[in-house]
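> For reference, the structure I am asking about is given below.
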Amino acid sequence: MRIVLADNQADVRSALRLLLTHVLALHVVGEVAAAADLWTQVQDARPDLLLLDWGLLGAGAGAALARLHALYPALQVIVLSGHPEARQHALAAGADAFVSKADSPEQMLKTLCAARGRGGAGCATDDGAMTEGTDD
């Protein structure tokens with residue numbers, strides 16, 4: 001699974017990259033720190049999954065998410081936010097999943113495994129067993 005990280009906080013991108021590459025053995029193919037770079041990065045990297053900070057796109061986040069889905073219908077988008085109240089707005093705008101930055105790393109793993117499961121692969125648990133993704 002090819003992933004682009006889009007968050008203006010370098011420490012968040014770094015933590016996500018470590019989780020994705022070292023725990024789930026996924027491939028981060030691009031990173032974006034500003035909304036202006038998002039479209040070029042998605043077009044050039046052709047990711048399967050975009051981890052998108054809801055605040056990165058500002059007031060037009062819902063419209064931008066709709067445009068992403070129109071241009072790249074196979075792209076899965078997991079929205080991240082430090083504001084849990086953004087969950088409803090992000091999901092209504094078409095996000096495939098939402099994770100609050102206040103959620104535990106285990107919740108992020110569960111959400112990523114679900115996304116990976118929709119792509120036909122499961123995730124290895126701590127004991128090495130494979131699990132299927134869920135839509136929780």
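Every number in this text was worked out from the coordinates using simple rules, so none of it is lab data. Here the structure is a predicted model, which is why all the values come from computation and not from measurement.
> Kindly provide the helix-only [θ] at 222 nm of the chain, computed as the sum of -39,500 (n - 2.57) over DSSP H runs of four or more divided by all residues, to the nearest 500 deg cm²/dmol?
-11000 deg cm²/dmol
> Angle, helix 105-118 long axis vs. longest principal axis of the chain, Cα atoms, 0 to 90°, nearest 10?
90 degrees
> For helix 61-71, report the angle its Cα long axis makes with the longest principal axis of the Cα atoms of the chain; keep it between 0 and 90° and round to the nearest 10°.
70 degrees
> With bins 10 Å wide starting at 0, give me the P(r) of the chain over every alpha carbon pair, in whole percents.
Taking every Cα pair in the chain, the percentages come to 12, 48, 34, 5, 0.
> Express the relative contact order of the chain as a whole percentage, based on alpha carbon pairs under 8 Å and six or more residues apart in sequence.
Reported relative contact order: 18 percent.
> How much length is gained on full extension from residue 85 to residue 67, taking 0.36 nm per residue of separation minus their Cα-Cα distance?
Extra length from residue 85 to residue 67 when fully extended: 4.2 nm.
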